[in-house]
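Undergrad: Handing you this structure, nothing more for now.
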Amino acid sequence: MSIILHRIVVLFGILFLTTLAAQAQEWNTDRPGNDIRDLDLRAPDFNLCRQACEKNASCKAWTYVNPGVQGPQARCYLKSPAPAKVANNCCVSGEKVADTSDREDICRDYSVRAVQQNDENLRLRCNFTGSSWQSNRDEHFNWCMSASRADREREDRNRINKLAECRSSGGGGGGGREDECRDYAEEAVTGAREARDLGCGYTGARWSQRYGEHYNWCLGATREQVRAERTARAQDLRSCRAGNDGGDRAEACRDYAEEAVSQIADAKRRDCRFTGARWQGGYNVHYNWCMSARRSEREAESRGRAEELRRCRSGDSEGDRAEACRDYSRLSMAQIREASRLGCGFGGARWQASSAAHYEWCMTARRADREAELRAREASLERCRADAGGGGEDDAGCVDFANRAVRQAQRNRALRCGFEGPRWRPDFDTHYSWCQSAPQQARVREDAKRQDLLNLCAAKPDKAQECRRYSNLSIEQQRTNLSEGCGFSGPRWHTNYEDHFVWCMDASGGKRLAEIAARVGALLVCTR
């Protein structure tokens, strides 16, 4: 690998880190002052300094000083509180932050709290204004995501203190219009929450659950507009209540969930191979979904499952007859090869050794006819096996093994898990041939390994895609390690995609970040 390509890999790693960590490290940056501890590092790796800060409860920020700046060794300074940033190519710095998913959770809570504080500001007529006092949750969230922890806590604390002062003084001034709009806003929020609980599906400003938005709108509206809005909201709610099972939603959803579970079981028995949320989960999953859905959505979902089942029963699930016939021809050829090996001597169209012929026949046959054809061949094979003195059970087991392997490989592609290699080829003959020479214990292990990996990937699809990117990047970093002759070894330096993926799915965003950062730092040192 060329140096240029190596740099691309390293830069991609840095970009990946930046996305995950929200600027967890600051290149060519010093944070002078507020030192609580300094130490020499055993290697020129800024991650050692970052990790020292993470392990120190008092540390809020850190600065890594390159070797040769303050002596032959790299040095690390732990700091509290976090000092200001200063551009300087002597150093790499950073502030202790939660991983991105934690920061998003923190900022969602912060933005909800900020809007609630502004609602109280309006109710008490404290008359606080400015960017800190607004009803737009997104504005608070976006500010929080780019703010330091200290700024976030200071802003929150300032609002709390100002509200306490306002309460202690009995609130601010007000008048009749403000009182009317407070009543209107409280009524609007109550109605919006009822619509949410009923699953009415209404959207728009009328159905906002933010007190401040209704209050501010009311202050700028005429009394006629306010009355019209109240009337429209009440009519919409009456209409939604009337269309929601007369209030007996729980009973309707119990029926819905029982029907969904029954339909899913029917699909599994028929091997329909449906995918998507409609065909996953148990009773509780479908019951809970139903409780938050509108009646029309529930009925549409139930009809959709019924229609897909009808097509599956007729042999044309989702129009995917071609896929079903590819499976049929593969199974047919496996049976024909076994008959030839056993010397059964069968003849006729049923036993011709032509995958294309079986596929073409299947495309014009009903599902019931092709299933009957497979059963008839299997019955003939059973008699032939008995006449040949056994040995057929093992071959039948390999047919099942290969069919399962093909289905698992197809699901790997559908879920975009990214697993590769012979184990994941959607080719019947590959798996059948491997099974023929493998002991039973190895077959069981191989089958279970594939299924375990697929279950892991399907359980958290969003995280699976993050871990797919993580695994590919980890492999590229190892290839750079090998091509540059760096000689790094150990559990983090290998090219096994599945091992990287499994580790990643069990790790937090912070751990993934630390692992990639450690490899990036090591590769930078190696090629310096």
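Undergrad: Within region 40-67, work out how many residues are crowded, with 20+ Cβ neighbours inside 10 Å, free of Cβ contacts under 8 Å to residues at least 60 places away in the same chain and of a type in the set (S, T, N, Q).
TA: The qualifying residues number 1.
Undergrad: Quickly run through region 429-446 and pick out the residues that are open to solvent by less than 70 Å² (accessible area, probe 1.4 Å) and either part of a loop (DSSP other than H, G, I, E, B) or in contact with a helix residue (DSSP H, G or I) (Cβ under 6 Å, 6 or more places away or on another chain) (or both).
TA: Within region 429-446, His431, Tyr432, Cys435, Ala438, Arg443 qualify.
Undergrad: Let me ask something else. Can you tell me which residues in region 407-428 are over 25 Å from the mean Cα position of the chain (by Cα) and either open to solvent by less than 40 Å² (accessible area, probe 1.4 Å) or free of Cβ contacts under 8 Å to residues at least 12 places away in the same chain (or both)?
TA: Phe428
Undergrad: Another question about this same structure. Among what's in region 133-147 and is of a type outside the set (Phe, Trp, Tyr) and open to solvent by 30 Å² or more (accessible area, probe 1.4 Å), pick the residue that is modelled with the lowest pLDDT.
TA: From region 133-147, those of a type outside the set (Phe, Trp, Tyr) are 134-140, 142, 144-147; that's our starting set.
If we keep only those that are open to solvent by 30 Å² or more (accessible area, probe 1.4 Å) too, we end up with 134, 136-139, 142, 145-146.
Values: Gln134: 84, Asn136: 82, Arg137: 83, Asp138: 82, Glu139: 85, Asn142: 82, Met145: 80, Ser146: 76.
Restricting to residues being of a type outside the set (Phe, Trp, Tyr) and open to solvent by 30 Å² or more (accessible area, probe 1.4 Å), the top hit is Ser146.
Undergrad: I would also like to ask the following. If you scan region 212-236, which residues turn out to be of a type in the set (Phe, Trp, Tyr) and open to solvent by 50 Å² or more (accessible area, probe 1.4 Å)? Walk me through it before giving the result.
TA: Taking region 212-236 as the starting set, the residues that turn out to be of a type in the set (Phe, Trp, Tyr) are 215, 217.
Hit for region 212-236 is Trp217, nothing else.
Undergrad: Looking at the structure I just gave you, is Gly201 within 41 Å of the chain's Cα centre (by Cα) and modelled with pLDDT of 85 or more? Please lay out each step first, then the result.
TA: Numbers: within 41 Å of the chain's Cα centre (by Cα): yes; modelled with pLDDT of 85 or more: no.
So Gly201 does not fit the description; no.
Undergrad: Take the residues in region 82-132 that are part of a loop (DSSP other than H, G, I, E, B) and surrounded by fewer than 15 Cβ atoms within 10 Å (Cβ to Cβ), then tell me which one is farthest from the chain's Cα centre (by Cα).
TA: At the first step, the residues of region 82-132 found to be part of a loop (DSSP other than H, G, I, E, B) are 82-85, 96-99, 124-132.
With surrounded by fewer than 15 Cβ atoms within 10 Å (Cβ to Cβ) added as a condition, the list becomes 84, 127, 129-131.
On the way: Ala84: 36, Asn127: 42, Thr129: 39, Gly130: 37, Ser131: 33 Å.
Ranking the candidates gives Asn127 first.
Undergrad: Note down all Cβ pairs under 7 Å where the first residue falls in region 176-204 and is open to solvent by less than 60 Å² (accessible area, probe 1.4 Å), the second is among the hydroxyl-bearing types (Ser, Thr, Tyr), and they're at least six residues apart or on different chains.
TA: Between residues of region 176-204 that are open to solvent by less than 60 Å² (accessible area, probe 1.4 Å) and residues that are among the hydroxyl-bearing types (Ser, Thr, Tyr), the close pairs are Cys181/Tyr215; Arg182/Tyr215; Ala185/Tyr211; Ala185/Tyr215; Val189/Tyr211; Ala192/Ser208; Ala195/Tyr202; Gly199/Ser292.
Undergrad: Within region 66-81, how many residues are part of a strand (DSSP E or B) and within 17 Å of Ala517 (Cα to Cα)?
TA: Taking region 66-81 as the starting set, the residues that turn out to be part of a strand (DSSP E or B) are 75-79.
Filter once more, so that each one left must be within 17 Å of Ala517 (Cα to Cα): 76.
Number of matching residues: 1.
Undergrad: Keeping to region 488-516, report how many residues are without any contact (Cβ under 8 Å) to a residue 24 or more places away in the chain, outside any helix (DSSP H, G or I) and open to solvent by 60 Å² or more (accessible area, probe 1.4 Å).
TA: Just the residues of region 488-516 that are without any contact (Cβ under 8 Å) to a residue 24 or more places away in the chain, to begin with: 489-491, 494-496, 499, 503, 506-507, 511.
Restricting the remaining residues to those that are outside any helix (DSSP H, G or I) gives 489-491, 494-496, 507.
Subsequent filtering for residues that are open to solvent by 60 Å² or more (accessible area, probe 1.4 Å) retains 489, 491, 495-496.
Counting residues in region 488-516 that are without any contact (Cβ under 8 Å) to a residue 24 or more places away in the chain, outside any helix (DSSP H, G or I) and open to solvent by 60 Å² or more (accessible area, probe 1.4 Å) gives 4.
Undergrad: Taking region 350-387 only, how many residues are open to solvent by 60 Å² or more (accessible area, probe 1.4 Å), aliphatic (A, V, I, L, M) and out of contact with any Ser or Thr (no Cβ under 8 Å at 6 or more places or on another chain)?
TA: Matching residues across region 350-387 total 2.
Undergrad: What number goes with the only condition from (1) open to solvent by less than 30 Å² (accessible area, probe 1.4 Å); (2) polar (S, T, N, Q); (3) at pLDDT 85 or above that Asn158 does not pass?
TA: For Asn158, the exception is condition (1).
The values are calculated or read from the model by the stated rules, or taken from the named source; none is laboratory data. All values reported here derive from a predicted model rather than from experimental measurement. Note: ideal-geometry Cβ built from the backbone for every residue, glycine included; neighbour counts use all protein chains shown. When the accessible area is computed, the model is the full protein with side chains, heavy atoms only, and any ligands, DNA or RNA have been set aside. Shrake-Rupley method; radii C 1.70, N 1.55, O 1.52, S 1.80 Å.
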